[in-house]
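The values are calculated or read from the model by the stated rules, or taken from the named source; none is laboratory data. These numbers come from a predicted model, not from an experiment. Using ideal geometry, Cβ is built from the backbone for each residue, glycine included, and neighbour counts are taken over all protein chains shown. To get the accessible areas, we keep the full protein, side chains included, count just its heavy atoms, and leave off ligands, DNA and RNA. Shrake-Rupley method; radii C 1.70, N 1.55, O 1.52, S 1.80 Å.
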Amino acid sequence: MSHHALPTGMIRAAATTGTVAGYMPGFGNDFETEALPGALPQGQNSPQKCNYGLYAEQLSGTAFTAPRGQNERTWCYRIRPSVHHTGRFAPIALPYWKTAPNVRDDIVSLGQYRWDPIPLPEQALTWITGMRTMTTAGDVNIQVGIASHVYLVTQSMQDEYFFSADSELLVVPQEGRLRFCTELGVIDLEPREIAILPRGLVYRVEVLDGPCRGFVCENYGQTFDLPGRGPIGANCLANPRDFKCPVAAYEDRETRSRVVIKWCGQFHETWIGHSPLDVVAWHGNYCAYKYDLRSYSPVGAILFDHPDPSIFTVLTAPSGQEGTANIDFVLFRERWLVAEHSFRPPWYHKNIMSELMGNIYGVYDAKPQGFAPGGISLHNCMLPHGPDRDAFEHASDSELKPEKLDHTMSFMFETRFPQHLTEFAAREAPMQQDYIEVWDRLEKKFDGTPGVK
């Protein structure tokens, strides 16, 4: 088996499974991959001596006794064990990256909120320094809840690495291209794709085409999974084969390096004398993924009315309460609208879940004005929301012929927990102070007489 060098200097496996070079297909699969021939032991996990003088080490994403089907772990065969990838820890300040609980008495989170896109910065910001937390929910200390962030990245991390012991990260690019060099391989990511970075995975983030802006859902709870399809059956929505896991890649570099760790909402740094991305081979089901949102196959009503927005769920992180998610990641992409004698946009409603939406590109059908690409809205638990007047009037009066909802892609981070605004979201981010007024022009049509108004 031959190998080749990436621009990062990582040595990556040449052989791959599937049609996309550098990636293996499938969600929740048990993968195996090696960047050097014979580096991956066969028939056992922990031989007395590993080939190439490698160390065997297990990375566990769940408890050892988690049920089959939920148990996640990966065996890594690395140049040094991870105990050599940390030294003494020193606390550091990252004031814009907040963690739940983060409830401020001087900030009102009760309301319907919307923000213009956060401007791309001129100063140098890395993945770590460029994270801007918008909302938090739950409690990281008991591993429930989420945080929602916007990332602003203009500079690659140089001899610097990061991992979160608090959470897995769901990354949604909106502008620019990033490269995630991880312990288990390399993921290149661009708008209309997403990536899932597991808890505990070490990685470095490089700018391929910047500046970069996007959204991050930080999941403190159980890992993201594909939703059950129920009567839909075996196909559509997000299909497992469209998720791509990177093949093995490693660095063997002796250079002073900084590792930043997020743990219980605190940040620490430690210094080591080499790159920690030294996994030469691995096998298991606890790994990073990427997914192309354009491969999502939406399902909807083909006669009248329309289902709840949960029909557009791409990934869900369960809460332990059946049918109620810690997080749902929901996608509103291009699709055909064909329902007869029906109001087609999202209806007016109040919801036990709290909904943070982001616009990747295009126009969202319920808010044709003011919700720009890169923008964010928040409709918290039990706060009413729905189409503005223009969207309502257009949907009420238009001819109901088949219509392609085109050139649009928005998403929602939905959680069962109320989302609390950070100081950045309330005071620095470009909040639209007049957002609540989008519903002011809705007219009273009722006059007590029968008939359609």
Ranked packing of 134-147, 265-278, 310-323, most packed first, by mean Cβ within 10 Å: 134-147, 265-278, 310-323
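Determine the shape class of the chain: with a ≥ b ≥ c the square roots of the Cα gyration tensor eigenvalues, call it rounded for a/c under 1.5, and otherwise prolate if a/b is greater than b/c, oblate otherwise.
Details: a/c = 2.15, a/b = 1.68, b/c = 1.28.
The shape class here is prolate.
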Given H placed 1.01 Å from N in the peptide plane, which residues other than close sequence neighbours of Ser164 have an amide H under 5 Å from its amide H? Gly200, Leu201, Lys262
Explain nothing, just compute: Karplus ³J(HN,Hα) = 6.51 cos²θ - 1.76 cosθ + 1.60, θ = phi - 60°, for every residue of the range 240-253 in order, whole Hz, x for Gly and Pro. x, 5, 7, 7, 10, 10, x, 6, 4, 8, 8, 10, 10, 10
Positive-pole candidate from Val108, Pro121, Leu378, dipole of the chain, charges at beta carbon: Pro121
Calculate one ³J(HN,Hα) per residue across the range 165-179 by plugging θ = phi - 60° into the Karplus curve 6.51 cos²θ - 1.76 cosθ + 1.60, and present them in order as whole Hz with x for glycine and proline. 7, 8, 6, 9, 10, 9, 10, 10, x, 10, 8, x, 10, 10, 10
Mean separation of Cα contacts under 8 Å (at least 6 apart) over the residue count of the range 190-272, i.e. the relative contact order in percent, is 13
As an exercise, identify the GluC sites (Glu not before Pro) in the range 118-213 lying in DSSP coil whose Cβ has no more than 14 other Cβ atoms within 10 Å. Glu122
Quick check: the distance between the Cα centres of the range 21-59 and the range 423-440, to the nearest angstrom? 50
Helix-only CD estimate at 222 nm, as mean residue ellipticity for the chain, using -39500 (n - 2.57) per DSSP H run (n ≥ 4): -500 deg cm²/dmol
Can you find, among Gln158, His84, Phe329, the residue farthest towards the positive end of the dipole of the chain? Put +1 on the C-beta of Lys and Arg, -1 on that of Asp and Glu. His84
For the range 181-321, with the dipole built from +1 on Lys and Arg beta-carbon atoms and -1 on Asp and Glu ones, taken about the Cα centre, which of Asn285, Ala248, Gly320 lies farthest toward the positive end? Gly320
In whole Å, how far is the Cα centre of the range 335-381 from that of the range 229-284? 32
Once amide H atoms are placed 1.01 Å from N in the peptide plane, what residues at a sequence separation of 5 or more from Gln58, or on another chain, have their amide H within under 5 Å of its amide H? Cys76
The range 146-224 shape via C-alpha gyration tensor axes, a/c threshold 1.5: oblate
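Per residue, how large is the accessible surface of the chain? Use a 1.4 angstrom probe and give square angstrom.
44
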Relative contact order (percent) for the range 16-174, with alpha-carbon contacts under 8 angstrom and 6 or more residues of separation? 14
Using Cα-Cα distances under 8 Å and only pairs 6 or more residues apart, what relative contact order does the range 135-260 have, in percent? 34
Val314's amide H: which non-local residues (gap 5+, or another chain) put their own amide H closer than 5 Å, with H modeled 1.01 Å from N in plane and none for Pro or chain starts? Phe329, Val330, Leu331
For Lys401, counting only aspartates and glutamates whose alpha-carbon sits under 18 Å away and dropping same-chain residues fewer than eight positions off, the answer is Asp305, Glu334, Glu340, Asp365, Glu393
Solvent exposure, largest accessible area first (probe 1.4 Å, DNA, RNA and ligands not counted), of Val438, Val452: Val452, Val438
About its Cα centre, what dipole magnitude does the range 298-434 give when the only charges are +1 on Lys and Arg Cβ and -1 on Asp and Glu Cβ, stated in debye to the nearest 20? 200
Quick one: 3J(HN,Hα) in Hz for the range 383-395, Karplus 6.51/-1.76/1.60 with θ = phi - 60°, rounded, Gly and Pro as x. 9, x, 7, x, x, 6, 4, 4, 5, 5, 5, 5, 5
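Tell me which trypsin sites (Lys or Arg not before Pro) from the range 28-91 have a DSSP coil assignment and no more than 15 other beta carbons within 10 Å of their own.
When the trypsin sites (Lys or Arg not before Pro) of the range 28-91 are filtered for loop state and at most 15 Cβ neighbours within 10 Å, Lys49, Arg68, Arg88 remain.
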Name the trypsin sites (Lys or Arg not before Pro) in the range 218-315 that are in a loop by DSSP and that have at most 11 other C-beta atoms within 10 Å, would you? Arg256
Quantify, in whole percent, the carbon and sulfur part of the accessible surface of the chain (1.4 Å probe; protein heavy atoms only). 52
Among rounded, prolate and oblate, which fits the range 81-143 when a ≥ b ≥ c are the square roots of the eigenvalues of its C-alpha gyration tensor, a/c under 1.5 means rounded, and a/b larger than b/c means prolate? oblate
